[in-house]
1. Quick check on the range 151-185: of everything there that is in contact with a Ser or Thr (Cβ under 7 Å, 6 or more places away or on another chain) and surrounded by 15 or more Cβ atoms within 10 Å (Cβ to Cβ), which residue is farthest from G36 (Cα to Cα)?
2. How many residues are within 13 Å of the ligand (Cβ to nearest atom) and buried (at least 16 other Cβ atoms within 10 Å of the Cβ) when one looks only at the range 22-45?
3. Take the residues in the range 85-124 that are open to solvent by 30 Å² or more (accessible area, probe 1.4 Å) and of a type in the set (K, R), then tell me which one is farthest from the ligand (Cβ to nearest atom).
4. Quick check, is L105 in a loop (DSSP other than H, G, I, E, B) and hydrophobic (A, V, I, L, M, F, W, C)?
5. Every residue in the range 50-72 that is in contact with a helix residue (DSSP H, G or I) (Cβ under 6 Å, 6 or more places away or on another chain) and assigned to a loop (DSSP other than H, G, I, E, B), please.
6. Do we have I132 as open to solvent by 10 Å² or more (accessible area, probe 1.4 Å) and at pLDDT 95 or above here?
7. State yes or no: is L75 in contact with a Leu (Cβ under 8 Å, 6 or more places away or on another chain) and of a type in the set (A, V, I, L, M)?
8. Can you say whether P48 is surrounded by fewer than 18 Cβ atoms within 10 Å (Cβ to Cβ), closer than 23 Å to L94 by Cβ, more than 16 Å from the ligand (Cβ to nearest atom) and at pLDDT 95 or above, as far as the supplied structure shows?
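The values are calculated or read from the model by the stated rules, or taken from the named source; none is laboratory data. It should be emphasised that the depicted structure is a prediction, and the values quoted were computed from it without experimental measurement. Methodologically, a virtual Cβ is constructed for each residue, glycine included, from the backbone with ideal geometry; neighbour enumeration extends over all protein chains shown. Heavy atoms of the whole protein, side chains included, go into the accessibility calculation; ligands, DNA and RNA do not. Shrake-Rupley method; radii C 1.70, N 1.55, O 1.52, S 1.80 Å.
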Amino acid sequence: MTILKPFLIVGFSGSLRKSSYNSALLHAAAELLPPGVTLEIIDLAPLPMFNQDFEKPFPEAVNAFRSQLAQADALLIASPEYNSSITGALKNALDWASRSPQPPLQGKPVAIMGASTGNFGTLRAQLHLRQILTHVGALPLGKPEVLVARAEQAFDADGKLVDTAARGFLRDLLLALAKWSARVSPPSA
Ligand SMILES: Cc1cc2nc3c(=O)[nH]c(=O)nc-3n(C[C@H](O)[C@H](O)[C@H](O)COP(=O)(O)O)c2cc1C
């Protein structure tokens, strides 16, 4: 599938650590994009902890984050799994993005993926993430599922995704996201 008009995916990782496997998974995605698709990776670290007292107006870093989401044609979230759920950093970002006015997650096509050092590759975190995204009116893509288990074997020492099967699933996910976006938010919408 060739994407005819420029298509922007904004991606972020739920891990703040420097050598994060999930951030590395996003960088692998940047190497596997379909033609015509660009990926802009953003960092959640500048976001303050959500506080309902400080949303009128939003803090500057939150405004910047919300604008980046709003300008995206689709989102790509790399979610670690902490204690069978998503990380606090990711939940915090989604809480900021969920708030009115013009919540930028509303109607936004989203693909999710994750890498963990455990055996289930963020399966439980991804289920929670789907539930949250659906609640806030985003449009999560169903399949393919990208679950990178035992991440220390799937990435090399430089953080390159070397697991061939995982690279294939990731490539398929990006193509499916472009197709899903065309279906659920066509250019005329
Ligand atoms: C607080 C905490 C809880 C964790 N809970 C889980 C878990 O429930 N399931 C799992 O597979 N891995 C769990 N892990 C291990 C993570 O998969 C591992 O630290 C992974 O590298 C985190 O993602 P990152 O590399 O992107 O930072 C946990 C790690 C931490 C720090």
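1. Pass one, the range 151-185, residues in contact with a Ser or Thr (Cβ under 7 Å, 6 or more places away or on another chain): 151-152, 159.
Still in the list and also surrounded by 15 or more Cβ atoms within 10 Å (Cβ to Cβ): 151, 159.
Values: A151: 29, G159: 25 Å.
The extreme case among them is A151.
2. The total comes to 8.
3. Step by step, filter the range 85-124, then rank; the result is R99.
4. On the way: in a loop (DSSP other than H, G, I, E, B): yes; hydrophobic (A, V, I, L, M, F, W, C): yes.
Against the criterion (in a loop (DSSP other than H, G, I, E, B) and hydrophobic (A, V, I, L, M, F, W, C)), L105 qualifies.
5. Result: F50, single match.
6. On the way: open to solvent by 10 Å² or more (accessible area, probe 1.4 Å): yes; at pLDDT 95 or above: yes.
So I132 fits the description; yes.
7. Values: in contact with a Leu (Cβ under 8 Å, 6 or more places away or on another chain): yes; of a type in the set (A, V, I, L, M): yes.
When the stated conditions are applied, L75 passes them.
8. Against the criterion (surrounded by fewer than 18 Cβ atoms within 10 Å (Cβ to Cβ), closer than 23 Å to L94 by Cβ, more than 16 Å from the ligand (Cβ to nearest atom) and at pLDDT 95 or above), P48 qualifies.
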